[in-house]
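Since the structure comes first, as structure tokens, the remarks are kept for the end.
The values are calculated or read from the model by the stated rules, or taken from the named source; none is laboratory data. Every value quoted in this text rests on a predicted model; they were computed, and no experiment measured them. Here Cβ is always computed from backbone atoms with ideal geometry, including for glycine, and neighbour counts include all displayed protein chains. Note: accessible area is taken over every heavy atom of the protein model, side chains too, but ligands, DNA and RNA are not part of it. Shrake-Rupley method; radii C 1.70, N 1.55, O 1.52, S 1.80 Å.
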Amino acid sequence: VKELISEGDIIGICGGSTTYLLSTFLHEFNRLTVVTNSVWIADELSNYPHINVRMCGGTLNHEKGTLNGHEAEDFFLKTRFDKAIVGADKLSLDYGAVSGDSFISHLEHIVLMQAKETIIMCDHDKIGTDVYTDSVASFKEMDYIVTDSGTNQEYVDFITKAGVKVIVGK
């Protein structure tokens, strides 16, 4: 994902284990603004004064370390990003990025819609399911999907044909 980020970008990053891992690599940039609902991402980046960190208010989800609810949604509705990065709970070939939590999916959708470019991060074992029903983003609302090398090539081809650029990491 680092190759999709440029110096000076304003990046909206929703909380999650995958996006937290990404945040541990952002200190390599000299000038970024990261806007997040994740206490853990903000804490990780607090050690790097060259990264401007902005956080929303909201109700703390202790399990995920995220702030959610109306305060968070209002904050993100007033913020614009160069890029928005969301870790998908699941990626349905019928519906796109989906979640099992309607509060989180609604906030993630808001963040994605406030960005010039959208990036979905998704491990291979989360692709191809229709179990979750709350929509985060359709394929038409995504620019990139970043996944790992375990992703079935048929899924990569399907997503690419849907108009989304797929980046497969190691």
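Kindly indicate which of ASP130, ASP143 is open to solvent by 20 Å² or more (accessible area, probe 1.4 Å), at pLDDT below 95 and in contact with an Asp or Glu (Cβ under 7 Å, 6 or more places away or on another chain). So that I can check it myself, show each step before the final result.
Working: ASP143 fails: at pLDDT below 95.
Only one candidate passes the filter, namely ASP130.
Looking at GLY15, GLY96, can you tell me which residue is closer than 29 Å to VAL156 by Cα, in contact (Cβ under 8 Å) with a residue 40 or more places away in the chain, within 13 Å of the chain's Cα centre (by Cα) and surrounded by 21 or more Cβ atoms within 10 Å (Cβ to Cβ)?
Values: GLY96 fails: within 13 Å of the chain's Cα centre (by Cα).
Checking each option against the conditions leaves just GLY15.
Please indicate, with yes or no, whether at least one residue in region 70-82 is crowded, with 19+ Cβ neighbours inside 10 Å, touching a strand residue (DSSP E or B) at 6+ places or on another chain (Cβ under 6 Å) and under 17 Å from GLY16 (Cβ atoms).
yes
Condition (residue is closer than 27 Å to TYR155 by Cβ and either of a type in the set (D, E, K, R) or in contact with a helix residue (DSSP H, G or I) (Cβ under 9 Å, 6 or more places away or on another chain) (or both)) applied to region 42-54: is it met by at least one residue? Break it down stepwise before answering.
To start, the set of residues in region 42-54 that are closer than 27 Å to TYR155 by Cβ comprises none.
No - not one qualifying residue is present in region 42-54.
Confirm whether THR151 is assigned to a loop (DSSP other than H, G, I, E, B) and open to solvent by less than 60 Å² (accessible area, probe 1.4 Å).
Numbers: assigned to a loop (DSSP other than H, G, I, E, B): yes; open to solvent by less than 60 Å² (accessible area, probe 1.4 Å): yes.
Spelling it out, THR151 is indeed assigned to a loop (DSSP other than H, G, I, E, B) and open to solvent by less than 60 Å² (accessible area, probe 1.4 Å).
Go through (1) more than 16 Å from the chain's Cα centre (by Cα); (2) open to solvent by 10 Å² or more (accessible area, probe 1.4 Å) and name the single condition MET55 misses.
With respect to (1) more than 16 Å from the chain's Cα centre (by Cα); (2) open to solvent by 10 Å² or more (accessible area, probe 1.4 Å), MET55 is out only on (1).
Within region 50-112, which strands (runs of 3 or more DSSP E) (wholly inside it) include 1 or more residues that are hydrophobic (A, V, I, L, M, F, W, C) and more than 19 Å from THR33 (Cα to Cα)? Steps first, answer last, please.
Working: elements: 51-55, 59-61, 66-68, 81-87, 90-92, 96-99.
In region 50-112, the matching strands (runs of 3 or more DSSP E) lie at 59-61, 90-92, 96-99.
Exactly one of (1) at pLDDT below 95; (2) in contact with an Asp or Glu (Cβ under 9 Å, 6 or more places away or on another chain) is unmet by LEU112. Its number?
Here LEU112 meets the rest and fails (1).
Mind checking which pairs have a first residue in region 58-70 that is closer than 17 Å to VAL86 by Cβ and a second that is of a type in the set (Ser, Thr, Tyr), Cβ under 7 Å, 6 or more apart or different chains?
Note: pairs meeting the criteria are GLY65/SER38; THR66/SER38; LEU67/THR59; ASN68/THR59.
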